[in-house]
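No lab work stands behind these numbers, since they all come straight from the coordinates. Since we're looking at a predicted model, the values are computed, not measured. With ideal geometry, Cβ positions are generated from the backbone for all residues, glycine too; neighbour counts draw on all protein chains shown.
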Amino acid sequence: MTILGLETSCDDTAAAVYRDGRVLSESISTQLQHRAWGGVVPEIASRAHLQNILPVTQTTLEKAGVTFEAIEYIAVTAGPGLAGALLVGLNFARGLADGLKIPLIGINHLQAHIWAAEIGQEPIAAPFISLIVSGGHTSLIRVNSVNDYCTIGQTLDDAAGEALDKVGKLQGLSYPAGAEIEKLAEGGDAGAIELPRGMAASGDCNFSFSGLKTAARLFLERNPKYLAIPLKNDFLAALQEAVLDILVSKSLAALEQEKLSTFVLGGGVSANKRLRSKFSRRRELRLIAPQPQYCTDNGAMVAHFAYKLIQQGIEPLREITAAPDLTVERSFHTVKSG
Ligand code: KG4
Ligand code: ZN
């Protein structure tokens, strides 16, 4: 069974050709145009997807040695994400599926991130808790099956990656800043400054990063020497630690609340090695993390999740619309029971 997976929900135009549980080829075009703005500009993203989607798809098929006619299913991210960006991928996929007379499967981006940890690794047995942490999302999700999800907690304002990116911008780092913060933080002392852990005592599994962002900005205004090396590295280490600490403590609370021990990471921030080591040290959980290239947005996770659905006997819904605010609980398919 050959599946073409397409992803255009944010600033990556990505495609993968996937056959019977294996990624045959993948391509990704990351839009560097946004760097000048310090964040993703939706209109620029839509236009760039429009330019990139056909060449990215063609390159991916060529790398796999697969023709358009050999594709049996097209899976495309339908939400959540930027409305215009989603529409480009969805309309391209719909046109291709109609032309080839093959089924189109609308994929929930959050569900695809959750199962990305299976690609090239062992299958994951539900139930488990998943932390999806990226530039757009910070959610703790109870996963009961491929078709049954329940949000346990989420950010009430910024996503964790967004907070890193925005404070990174104050430090002159280019967008997205997360990976560079991780690198610079290695040379810093996280204990040199105390930055707030938002909602640490809220008694629930929700997050807030806007207080950290404000505290970081005020600290830099009052202590500009932390904008230059070597103190800059101390500041970034403290910033990273504040974000990671709260991700860990809320995840542990979710596992305890749901009485589960399997813990699955996903999303761009889950590439962070310090985050992984903080989790892998905890005896109360079994950490499963994606291979690094499947943390950030990619086409393989879209195709892989579609493959799981097909194996379970999915019925794709005919009406697939771009859904910018799609929650993890909603899907564009039904799965036959039994
Ligand atoms: O999943 P993703 O590609 O896109 C969204 O759906 O947002 O995640 C991108 C986010 C950015 O905020 C970026 O700064 C962050 O993931 N990120 C990292 C690392 N690599 C990427 N954050 C911390 N450590 C990293 N190594
Ligand atoms: Zn994502």
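Tabulated values for the structure
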| read-out | value |
| --- | --- |
| Options 112, 31, 89, ranked by Cα towards positive dipole end of region 1-151, top entry (Cβ charges) | 31 |
| Where Rh is the Kirkwood radius over Cα pairs, Rg/Rh for region 1-53 | 1.09 |
| Within region 125-290: Cβ-based charge dipole about Cα centre, in debye rounded to nearest 20 (Lys, Arg +1; Asp, Glu -1) | 300 debye |
| FRET efficiency, residue 98 to residue 259 (Cβ-Cβ, R0 45 Å, nearest 0.05) | 0.45 |
| Degrees separating the helix 210-222 axis from the principal Cα axis of the chain, which is the longest one | 40 degrees |
| Linear extension gain, residue 210 paired with residue 91, 0.36 nm per residue minus alpha-carbon span | 39.3 nm |
| Value at 222 nm in deg cm²/dmol, rounded to 500, when DSSP H runs of n ≥ 4 in the chain each add -39,500 (n - 2.57) | -12500 deg cm²/dmol |
| The chain - Rg (one decimal) and Dmax (whole number), Cα, Å | 20.0, 63 |
| Using alpha-carbon coordinates, inclination of helix 42-64 to the longest axis of the chain, degrees | 60 degrees |
| Förster radius 30 Å - calculated FRET efficiency between residue 1 and residue 30 (Cβ-Cβ, nearest 0.05) | 0.55 |
| Cα-Cα over 25 Å, subset of 63/183; 63/166; 183/308; 166/278; 225/250; 278/308 | 63/183; 63/166; 183/308; 225/250; 278/308 |
| Whichever aspartates and glutamates have a C-alpha closer than 16 Å to that of residue 273, once near sequence neighbours (fewer than 8 apart) are set aside | 180, 182, 186, 241, 245 |
| Spherically averaged projected area of region 224-331 from its Cα convex hull (nm²) | 10.3 nm² |
| Fraction of the pair-distance distribution of region 125-290 above 29 Å, Cα-Cα pairs, percent | 17 percent |
| Cα centroid separation - region 191-254 against region 106-142, whole Å | 25 Å |
| Using alpha-carbon coordinates, inclination of helix 299-311 to the longest axis of the chain, degrees | 50 degrees |
| The chain, dipole about Cα centre (Lys/Arg Cβ +1, Asp/Glu Cβ -1), debye to the nearest 20 | 480 debye |
| Difference of contour (0.36 nm per residue) and Cα-Cα distance, residue 325 to residue 150 | 61.4 nm |
